[in-house]
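The values are calculated or read from the model by the stated rules, or taken from the named source; none is laboratory data. Predicted model, so just to flag it, every value in this text is computed and none were measured. Please note: Cβ atoms are built from the backbone with ideal geometry, for glycine as well, and neighbour counts cover all protein chains shown. These accessible areas exclude ligands, DNA and RNA; they are computed on the full protein's heavy atoms, side chains included. Shrake-Rupley method; radii C 1.70, N 1.55, O 1.52, S 1.80 Å.
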Amino acid sequence: MADHLKTARSEADRAEDDAKVRASVEATLKDIEARGDAAVRELSAKFDRYEPESYRLSQDEIDALIGELSERELADIEFAQRQVKAFAQVQRDSMLDVEVETMPGVVLGHRNIPVQSVGCYIPGGKFPMVASAHMSVATAAVAGVPRIIACTPPWQGKPNPAVIAAIHLGGAHEIYVLGGIQAVGAMALGTETIDPVDMLVGPGNAFVAEAKRQLYGRVGIDLFAGPTETMVIADDTVDAEMVATDLLGQAEHGYNSPAVLLTTSAKLADATLVEIERLLGILPTADTARTSWEEYGEVIVCDDHDEMLRYANDIASEHVQVMTDRDDWYLENMHSYGALFLGPRTNVANGDKVIGTNHTLPTKKAGRYTGGLWVGKFIKTHSYQKITTDEAAATIGAYGSRLCMLEGFVGHAEQCNVRVRRYGGVNVPYGEGAPHREAAE
């Protein structure tokens, strides 16, 4: 039986926090819908202390901000985007339109069509999230979305040059310096100056995530995302420094970022707890990381790998770092998670920033029913059908008529009967199902 050396805040406490966020977001979205730009401007001034003449950046402003970057900074952004775009293109190429003749004269198919307008949220209030622009904007561009708009909050009172460069190079058509609920609400609901979009994507804080949840249905969203989560699955093949570093590396995201260690080694678990304290003494972001670790960190010592697997699939963490003597076994057997990072040479930060897979991933156990953001999220697969011969129209119509009558849908049946009469030469009385073709002949 597993030994819980460290536990996190209770689910009840977390639910109370969620309820407060929910109420605040609901009121704010109603205000944005009622008052448009005026509400957005008030919210920006209140929360970001930012009130420019226009929240949309002009091309001259974009060029000037990009010009503030060094050649090395710009080259690094471009390198990361090449990795993300290359993998997204491979994914897009795997999504094929299909057409098949299932029986003589009956043609079925589907087409993959991009969503027509997407709003990308790029966080940046606490940390300028350059990489999030690659994941949303650049991936939408590879999908062929014809209108991509992006919102990102000001950073230290003004647009962040690196974030704006990444958004622009990624392929955004409109860039707004807006953060929080006001950004998400403006993109989804529309205002006097911002046309609404069909879909919202991108990570954010609890308020942004809740706003997306409440807007779902009015617009599409990529997924329900909460605070960053990380899990390390480790045995005695790795050391405490590696494990502690990987746990705290994600805990610095915010004050409520869960970090969980699953291990079969009590020795590693104890050593990791000591190493975490040592690292928190020197980590520049220790104030944030410590709060996350103290309130949301967990250490669970399991009897064997099978028990670790059961816990891992149940927790369904966003990021799962696997460092064991059987990493590929976890790849084959894990079914609920955001993304896997296999082996000690791999790490979550590479996935977040540069390696090429998408870092917008499911949290709060959503990995049980969805994967993360990828090029396919921006694609709608639409089916079509056509019947090209009289014989097929009559045959399918006869089956359809009888099946509609089986359910009591007379009007539906008559749609089929018209075709049976017209193309099959069989007189079907109104309100009755078509006879079997053999009997008719």
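Could you sort 44-54, 80-90, 322-332 so that the peptide with the highest average Cβ count within 10 Å comes first and the rest follow in order?
Top of the packing list down: 80-90, 322-332, 44-54.
In the Gaussian network model of the chain, springs joining C-alpha atoms below 10 Å, which of Gly254, Gly109, Gly190 carries the largest mean-square fluctuation?
Gly109
Region 261-416: percent of C-alpha pairs farther apart than 21 Å?
Tail of the P(r) past 21 Å holds 64 percent of the pairs.
Across bins of 10 angstrom width beginning at 0, how are the C-alpha pair distances of region 13-136 distributed, in whole percent?
9, 21, 28, 23, 13, 6, 1
Taking only protein heavy atoms into account and a 1.4 Å probe, give the accessible area per residue of region 14-107 in Å².
On the way: 6120 Å² over 94 residues.
Accessible surface, normalised per residue, equals 65 Å².
If I compute solvent accessible area with a 1.4 Å probe over the protein chains, what percent of it on region 234-373 is carbon and sulfur?
With neighbouring chains kept in place, the figure for region 234-373 is 49 percent.
In the neighborhood of Asn358, defined by Cβ-to-Cβ distances under 13 Å, what is the net charge if each Lys or Arg adds +1 and each Asp or Glu adds -1?
Details: positive: Lys85, Arg92, Lys353, Lys377; negative: Asp222, Glu318, Asp352.
Local net charge: +1.
Applying the Karplus parametrisation 6.51 cos²θ - 1.76 cosθ + 1.60 with θ = phi - 60° to the phi angles of region 32-41, what ³J(HN,Hα) value in whole Hz is obtained for each residue in order, glycine and proline being reported as x?
Result, ordered by residue: 5, 5, 7, 10, x, 4, 4, 5, 4, 5 Hz.
Could you give the C-alpha radius of gyration of region 139-182 expressed as a fraction of 2.2 N^0.38 Å, taking N as the number of residues it contains?
Ratio of Cα Rg to 2.2 N^0.38 Å: 1.19.
What are the ³J(HN,Hα) couplings of region 336-346, residue after residue, when phi is run through the Karplus curve with 6.51, -1.76, 1.60 and θ = phi - 60°? Round to Hz, x for glycine and proline.
9, 5, x, 8, 9, 10, 9, x, x, 6, 9
When the scattering of the chain is computed by the Debye formula from its Cα atoms alone, each counted once and equally, what is log10 I(q)/I(0) at q = 0.09 Å⁻¹?
Debye intensities relative to I(0), on a log10 scale: -0.69.
How large a share of the accessible area of region 9-124, in percent, is made up of carbon and sulfur atoms when the probe is 1.4 Å and the other protein chains stay in place?
In region 9-124, the share of accessible area belonging to carbon and sulfur is 52 percent.
Applying the Karplus parametrisation 6.51 cos²θ - 1.76 cosθ + 1.60 with θ = phi - 60° to the phi angles of region 18-27, what ³J(HN,Hα) value in whole Hz is obtained for each residue in order, glycine and proline being reported as x?
Whole-Hz 3J(HN,Hα) from phi for region 18-27: 4, 5, 5, 5, 4, 5, 5, 5, 4, 5.
Tilt of helix 71-93 relative to the longest C-alpha principal axis of the chain, in degrees (0 to 90, nearest 10)?
30
Once Lys and Arg get +1 and Asp and Glu get -1 on their Cβ, which of Thr272, Asn256, Thr291 lies farthest toward the positive end of the dipole of region 256-300?
Thr272
Can you give me the Kirkwood hydrodynamic radius for region 332-416, using every pair of distinct Cα atoms, in Å to one decimal?
This gives a value of 17.7 Å.
Tell me, how many Å apart are the Cα centres for region 246-315 and for region 365-417?
Here the answer is 49 Å between Cα centres.
Can you tell me the orientation of helix 286-296 relative to the chain, as the angle in degrees between its alpha-carbon axis and the longest Cα principal axis, to the nearest 10?
Tilt of helix 286-296: around 60 degrees.
Report, by chain and number, residues whose modeled amide H sits under 5 Å from the one on Ile221, excluding near sequence neighbours (fewer than 5 apart, same chain).
The list, which skips near neighbours in sequence, is Leu200.
Using Cα springs under 10 Å in a Gaussian network model of the chain, which residue among Arg368, Arg92, Arg402 shows the largest mean-square fluctuation?
Of the options given, Arg402 has the highest mean-square fluctuation.
Just to be sure I understand the curve: with the Debye formula and one point per C-alpha of region 96-197, what is log10 I(q)/I(0) at q = 0.18, 0.19, 0.20, 0.24 Å⁻¹?
With one equal scatterer per Cα and no solvent, log10 I(q)/I(0) is -0.79, -0.85, -0.92, -1.22.
State the volume of the convex hull built on the alpha-carbon positions of region 156-245, expressed per residue in Å³ and rounded to an integer. Before the final figure, lay out each step's value.
Numbers: hull volume 14.5 nm³, N = 90.
Output value, Cα hull per residue: 162 Å³.
Just the accessible area per residue of region 311-406, please: how many Å² with a 1.4 Å probe?
48
Stick to Cα atoms and the Kirkwood definition of Rh, then tell me Rg/Rh for region 1-52.
1.31
Taking the convex hull of the Cα atoms, report for region 16-79 its projected area averaged over all directions, in nm².
7.2
Amide H of Trp155: which non-local residues (sequence gap of 5 or more, or other chain) have their own amide H closer than 5 Å, using H built in the peptide plane?
Sorted by chain and number, the residues that satisfy this are Asn160.
Peptides 262-269, 23-30: what's the order by average Cβ count within 10 Å, highest mean first?
The peptides rank, most packed first, as 262-269, 23-30.
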